[in-house]
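Participant: I'd like to ask some things about the structure below.
The values are calculated or read from the model by the stated rules, or taken from the named source; none is laboratory data. Bear in mind that the values here come from a model prediction, so they are computed numbers and not experimental data. Cβ coordinates were reconstructed from backbone atoms using ideal geometry, including for glycine residues, and neighbour counts include every protein chain displayed.
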Amino acid sequence: MSLKLVRGTRDIFQRENSHLRKIIDLCRGVSERYGYQEINTPIIEYSEIFEKTLGETSDVVSKEMYTFQDRNGNSLTLRPEGTAGIARAFISGKLRDQLPIRFLYQGPMFRYERPQKGRYRQFNQVGVELLGIPEHHADVEVISLGHHILQELGLVKETILLINSLGDIESREIFKQKLKDYLSKYKKDLSKDSLIRLDKNPLRILDSKNIIDQKILEDGPKFIDFLNSSSKEFFDYTCEGLHNLNIPFTIDQNLVRGFDYYSHTAFEFVTENLGSQNAIIAGGRYDGLIQSMGGDHTPGVGWAAGLERLGLLVPEVDGSKRPIALVSISKSIDPIISKMASKLRHDHFIVTLISGGNISKNIQKANRVNSKFVIIIGEDELESGLFTVKDLDSGKQDNIDFDRISHFLKAHEND
């Protein structure tokens, strides 16, 4: 039996869990101010949910999905992203009459990628989706929400907002043909992946990380030059909306998103502090997604943030509540220990029990778990009804009767 971790996965222990939980809580709190409510969808979905929506030529579908058959022969996939599952839930839940809907989600995703700093095969995302608003102000809203979260995390000065327009279907088809014509002249130089994409979906080549591909693209056609009037107007209004909120941005004409369902606005908040995994929040508009899955035409826009990447950027602050250590020096007093622990826990204290050994070693154990107070309980304390409460920070001791211990601890926990 191998006890090694599966490559690309990791155990997340108490301290990091606490750190990541605070980030999730902050994201949830800010999102709720914008009217977003939490949704949970299954970790597994039928594979076609992702195959038909993300695009057959996307790296995720062609190389990275964890797909398997169940005992009935159904093809199932561990979700590689959150949007397609939420679109499926919107359709199957018959939620159209509730539009517009603002969803917040968080949880694990799975992709068979090469592990590196900030990128794992099981990773966690926090994301938002706004369904039912076709106008540009929905795009401005979700981008401003991401910007607001980065502000409250203290990261906004470390990030740059990149934005581009992918246009509507008409604009995209015209640009796609122009791009294909241009790239066809460089077939002998393109990477193997880009040659495959050239016939199936040349837009994917814009997202290539291959240095030669990137060099070829420098002189190629740009999306923004092929936008029809309505697409250009949509993008201009979006940019104006960001200017109005004093959200700085840079137009990146080679920015595309990795999935086929995007249209119009595409954006990323990037940082230089994580190496090659520089995107920490990324998203865009996907007006055709729900219709492509069999639902009615429903505009949508959203983003997802990598929780582990945010965790690497946000300084850890140990703001956890410190436990109270109950030290027992005699087995005969277990009943009073149990009673005191129950009372303190009902009064919202964290309690850890330490028994056996001498008092000095037990106090060392209390220090190791970062206790603020230790309460020593022995035969003498039981007989007198007064219990020794020691402040491990100051070294001060007080003798307190049973009924006043909670009041005493609350009065001095911030000393």
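Participant: Quick check: is even one residue across the range 371-394 in a loop (DSSP other than H, G, I, E, B), β-branched (Val, Ile, Thr) and surrounded by 11 or more Cβ atoms within 10 Å (Cβ to Cβ)?
Facilitator: The answer is no, given that none of the residues of the range 371-394 is in a loop (DSSP other than H, G, I, E, B), β-branched (Val, Ile, Thr) and surrounded by 11 or more Cβ atoms within 10 Å (Cβ to Cβ).
Participant: Tell me, which residue of the range 271-285 that is aliphatic (A, V, I, L, M) and touching a residue at least 40 places away in the same chain (Cβ under 8 Å) is farthest from residue 114 (Cα to Cα)?
Facilitator: Result: 281.
Participant: Next up: Look through 23, 39, 49 and report the one residue that is surrounded by 13 or more Cβ atoms within 10 Å (Cβ to Cβ), closer than 15 Å to residue 78 by Cα and assigned by TED's automatic domain parsing to the domain that holds residue 292.
Facilitator: After ruling out the rest, the residue left standing is 49.
Participant: Give the residue that is surrounded by the fewest Cβ atoms within 10 Å (Cβ to Cβ), with candidates limited to residues of the range 286-331 that are in a helix (DSSP H, G or I) and touching a Leu at 6+ places or on another chain (Cβ under 9 Å).
Facilitator: Ranking the qualifying residues of the range 286-331, first place goes to 312.
Participant: Going residue by residue through the range 15-31, is there one that turns out to be under 17 Å from residue 293 (Cβ atoms), free of Cβ contacts under 8 Å to residues at least 60 places away in the same chain and not aromatic (Phe, Trp, Tyr)?
Facilitator: The answer is no; no qualifying residue exists.
Participant: Further, regarding this structure: Answer yes if at least one residue in the range 227-245 is of a type in the set (Phe, Trp, Tyr), within 23 Å of the chain's Cα centre (by Cα), surrounded by 22 or more Cβ atoms within 10 Å (Cβ to Cβ) and assigned by TED's automatic domain parsing to the domain that holds residue 127, and no otherwise.
Facilitator: No, because not a single residue in the range 227-245 is of a type in the set (Phe, Trp, Tyr), within 23 Å of the chain's Cα centre (by Cα), surrounded by 22 or more Cβ atoms within 10 Å (Cβ to Cβ) and assigned by TED's automatic domain parsing to the domain that holds residue 127.
Participant: May I ask you to say which residue of 241, 283, 275 is under 29 Å from residue 154 (Cα atoms) and in a helix (DSSP H, G or I)?
Facilitator: Selected residue: 241, the only one of 241, 283, 275 that is under 29 Å from residue 154 (Cα atoms) and in a helix (DSSP H, G or I).
Participant: When the residues of the range 181-194 are narrowed to those that are surrounded by 16 or more Cβ atoms within 10 Å (Cβ to Cβ) and assigned to a helix (DSSP H, G or I), which ends up modelled with the highest pLDDT?
Facilitator: 183
Participant: Pick from 275, 306: which is modelled with pLDDT of 90 or more and not basic (Lys, Arg)?
Facilitator: 306
Participant: Continuing with the same structure: Could you check how many residues of the range 358-388 are within 21 Å of residue 335 (Cβ to Cβ) and within 42 Å of the chain's Cα centre (by Cα)?
Facilitator: 3
Participant: Show the residue pairs meeting these rules: Cβ distance below 9 Å; 6+ apart or different chains; first residue within the range 150-164 and surrounded by fewer than 18 Cβ atoms within 10 Å (Cβ to Cβ); second residue of a type in the set (D, E, K, R) and modelled with pLDDT under 95.
Facilitator: Note: pairs meeting the criteria are 158/272; 160/272.
Participant: Out of all the residues in the range 1-23, which are among the aromatic types (Phe, Trp, Tyr) and not in a loop (DSSP other than H, G, I, E, B)?
Facilitator: Matches in the range 1-23: none.
Participant: Give the residue that is surrounded by the most Cβ atoms within 10 Å (Cβ to Cβ), with candidates limited to residues of the range 71-100 that are of a type in the set (Lys, Arg) and free of Cβ contacts under 8 Å to residues at least 40 places away in the same chain.
Facilitator: 79
Participant: Taking the condition of being among the hydrophobic types (A, V, I, L, M, F, W, C) and in contact with an Asp or Glu (Cβ under 7 Å, 6 or more places away or on another chain), how many residues in the range 100-139 meet it?
Facilitator: 5
Participant: Among the residues of the range 111-143, count how many are touching a residue at least 60 places away in the same chain (Cβ under 8 Å) and either in a strand (DSSP E or B) or under 17 Å from the mean Cα position of the chain (by Cα) (or both).
Facilitator: 18
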